[in-house]
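What follows is a set of notes on a single structure, which appears directly below.
The values are calculated or read from the model by the stated rules, or taken from the named source; none is laboratory data. The model shown is predicted, which means the values in this text are computed figures rather than measured ones. FYI the Cβ positions are ideal-geometry reconstructions off the backbone, even for glycines, and counts take in every protein chain you see. When the accessible area is computed, the model is the full protein with side chains, heavy atoms only, and any ligands, DNA or RNA have been set aside. Shrake-Rupley method; radii C 1.70, N 1.55, O 1.52, S 1.80 Å.
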Amino acid sequence: MMQYKYTTILMSLIIVSSSILAQDKYNLKLETSVSVANDGIMPLWLHANEWGRYNQDGNLNGMLYVQGSYKLLGDDLFSLDVGTGFVLNTEFKTSFLHEAYLKGHFGIIDYTIGKEANSWVAYNDRLSSGHFLMSNNARPIPKVTLGFEDYRKVGFLHNWLEIKGGITQGILNDDRGEHSRSASNILLHEKWLYGRMGNLKIKPYLGIVHSAFMGGTRPDGKKIPVDFWPTFFAKGSAKLGGGEETNAAGAHMGLWDFGLYFESDKYDIQFYYQKPFADASGLKLWNGHNKDIITGVLINPKEISWLKGISIEFLKTDVQSDYGIPDPLYPVDYNGHKKGSIIWKEDIEADFDDFMYQVFGEERVGWNWEQVNRYLEVELNEGYKYGGRDDYMNNGTYYNGWTYHGASMGTPLYHTIDAVEKYYGGSLNKNNYFINNRVNGFHLGVEGKVTKDIDFRIKSTYTKNFGSFDEEFIRRYSWERVEYNFYEGGKTQVYTMLEGSWSMPNIKGLQLNGTLAYDFGQLYHSFGGRLGVVYRPSF
């Protein structure tokens, strides 16, 4: 492993050095910084939405970041850029290759191969709280991506329609621990498609994003089978069997994304309204199950000299298809089905009357599925509809869920077990990796200029945290509540950050940065800061 790390760093240095020979095609960034926080917890906005470059540990951390890119070829038919970046920490064994990629276009198709710190979906993670999926929070994932990175006009419709989209195949090759449900080298599949109106100043759009896991290897060496097309379409797989035969192969998260762009001489404005989902019930907006939203507005003034951008955002993800358990469970053994196993319609529809008599002692005849299902909801599910407790970013097959190197691949407002145990100060339920994923919040981000050479950025986020369903109940399929729920009633937490950047007028490309951040509330209190120097040489 160490030999691999030295090799990748050496390769990065070779690319950087050789690129300098072609100075007009090369971009180089050098950054050094020192971060520190009290109480062993780094404030959120000192490390989140930074592509995993900064350590989340609150101790004194020093870092050197080197990033370079080089245009090898470039014309209308084909282009090829190569890029690399690496992080050197004061504790050298924690240093890592951050980026290593090839990218460009062939014809109208854009492509990326490797690890690139770039999201084709996220809007402005620098100013917002972070995109719900495919955000800038975790380290870049090794993958191959094809598609349209930006909107393309559809000519045969006279440019009244613009589209963008893409498909990604990658691998989660990080250390994902030794939990019985963890798996290494998981295959990542992602795709997205957006369409918006053209030829207007106001451009409404609609998009959908889908992220899925498949395959991988358990800590005991057992391989998880891969069935690509059922996973691609989120359909059941006989090859995988069990619950994945009747539900969907692999693990799935998604996002509906509605909004509009407005461009004028004074402002560029984007409004967005997003609906996350984790299964088929959440995907169907019309069924009323999906009550969670992320909505916000991004404003970029053009005629206000001191103001460059504003982000206002509201997040509500505490419902997750409501309290009802995901599926009905047999309360007793019946016809070869064990107590606690899932009741499937096809297993009992041959004789509903026998099922109701044998399992519940109901002697009435003439039962149909709708009547049986409602009876199950009332008797076994506290009157709620089945299909609830979606448990965003978690999955029963993949313990670590949507994380890469321990960081969320989506919103940083969700907390993993590792983060929570730092501020909780003890051991908690380890049924799932994200144990705080029911979060409501309000976010404000502002950036602008104090003077010609001094920029500022402010982020402030208020959240109310309800933990997860696994923190409220002894397990996801149970109505028995835990003896002590740390998040009972919801706990508030505020994350704040103030950053200033000075572009030195006498040394072109040199910038001094200073950041202060303070997190406070019912979860923890942490104060920290970072000082840094960034140099972008101009050849």
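So, counting K/R as plus one and D/E as minus one, what does the shell of residues with Cβ under 12 Å around residue 494 add up to? Write out the running numbers ahead of the final one.
Values: positive: 459, 464, 491; negative: 519.
Around residue 494, the surrounding residues sum to +2.
Treating each Cα of segment 32-97 as an identical point scatterer and summing with the Debye formula, the log10 of I(q)/I(0) at q = 0.15, 0.16, 0.22, 0.27 Å⁻¹ comes to -0.57, -0.62, -0.91, -1.18. Estimated at the nearest 10 Å², the accessible area of residue 178 is 150 Å² with a 1.4 Å probe. Put simply, the C-alpha atoms of the chain give a gyration tensor, and the ellipsoid matching it has half-axes of 43, 26, 25 Å, longest first. Expressed in units of 2.2 N^0.38 Å, where N is the residue count, the Cα radius of gyration of segment 83-238 is 1.23.
Note that segment 296-338 shows a convex hull volume over its alpha carbon atoms of 100 Å³ per residue. Using the Cβ-Cβ distance between residue 357 and residue 475 with R0 set to 41 Å, the FRET efficiency from 1/(1 + (r/R0)^6) comes to roughly 0.90.
Find how much the distance from residue 344 to residue 484 grows on full extension, using 0.36 nm per residue of separation minus their present alpha carbon separation; answer in nm with one decimal. Walk me through the numbers before you get to the answer.
Numbers: separation 140, 0.36 × 140 = 50.40 nm, distance 3.32 nm.
Residue separation times 0.36 nm, minus the Cα-Cα distance, leaves 47.1 nm.
What the Cβ-Cβ distance of residue 533 and residue 226 gives, at R0 = 45 Å and to the nearest 0.05, is a FRET efficiency of 0.45.
Between residue 378 and residue 273, full extension at 0.36 nm per residue minus the direct alpha carbon distance yields a gain of 34.4 nm.
Summing +1 for each Lys or Arg and -1 for each Asp or Glu, what net charge is found among the other residues whose Cβ lies under 11 Å from the Cβ of residue 447?
Numbers: positive: 126, 308, 449, 457, 459; negative: 455, 499.
Neighbour charge sum, excluding residue 447 itself: +3.
Remark: segment 224-370 projects, on average over all directions, an area of 13.5 nm² (convex hull of Cα atoms).
The reciprocal of the average 1/r between distinct C-alpha atoms defines the Kirkwood hydrodynamic radius, which for segment 390-488 equals 15.2 Å. Residues of segment 139-166 with an amide N closer than 18 Å to a point placed 7 Å from the Cα of residue 106 along the Cα-to-Cβ direction: 143-149, 166.
In what order, largest first, do 512, 46 sit by accessible area if the probe radius is 1.4 Å?
Details: 512 60, 46 0 Å².
Order by accessible area, largest first: 512, 46.
Global dimensions of segment 354-402 from alpha-carbon coordinates: Rg and Dmax equal 15.8, 47 Å.
Counted over segment 46-173 with a bin width of 10 Å, the fraction of Cα pairs per bin, in whole percents, is 11, 35, 34, 15, 4, 1.
Placing unit charges on the Cβ atoms of the charged side chains and taking the dipole of segment 219-365 about its Cα centre, the candidate lying farthest along the positive direction among 348, 296, 278 is 296. Across the protein chains, with a 1.4 Å probe defining accessible surface, the residues 295, 94 rank 94, 295 from largest area downward.
For residue 173 and residue 302, FRET efficiency with R0 = 45 Å and r from the beta-carbon atoms, rounded to 0.05? The pair residue 302/residue 173 has a calculated efficiency of 0.55.
Sum up the charges of everything whose Cβ sits under 11 Å from the Cβ of residue 392, counting Lys and Arg as +1 and Asp and Glu as -1, but leave residue 392 out.
-3
Taking the Cα atoms of segment 306-450, the ratio Rg/Rh between the radius of gyration and the Kirkwood radius comes to 1.17.
Residues 352, 78, 132 ordered from highest to lowest accessible area at a 1.4 Å probe: 78, 352, 132.
Give me the dipole magnitude in Debye, nearest 20, for the chain about the Cα centre, with unit charges on the beta carbon: positive for Lys and Arg, negative for Asp and Glu.
On the way: 54 positive and 63 negative charges, 382 e Å.
Magnitude of the dipole: close to 1840 debye.
A probe of 1.4 angstrom, applied to the heavy atoms of all protein chains, finds residue 353 with accessible area near 50 square angstrom. Multiplying the residue separation of residue 217 and residue 153 by 0.36 nm and subtracting their alpha-carbon distance yields 18.8 nm.
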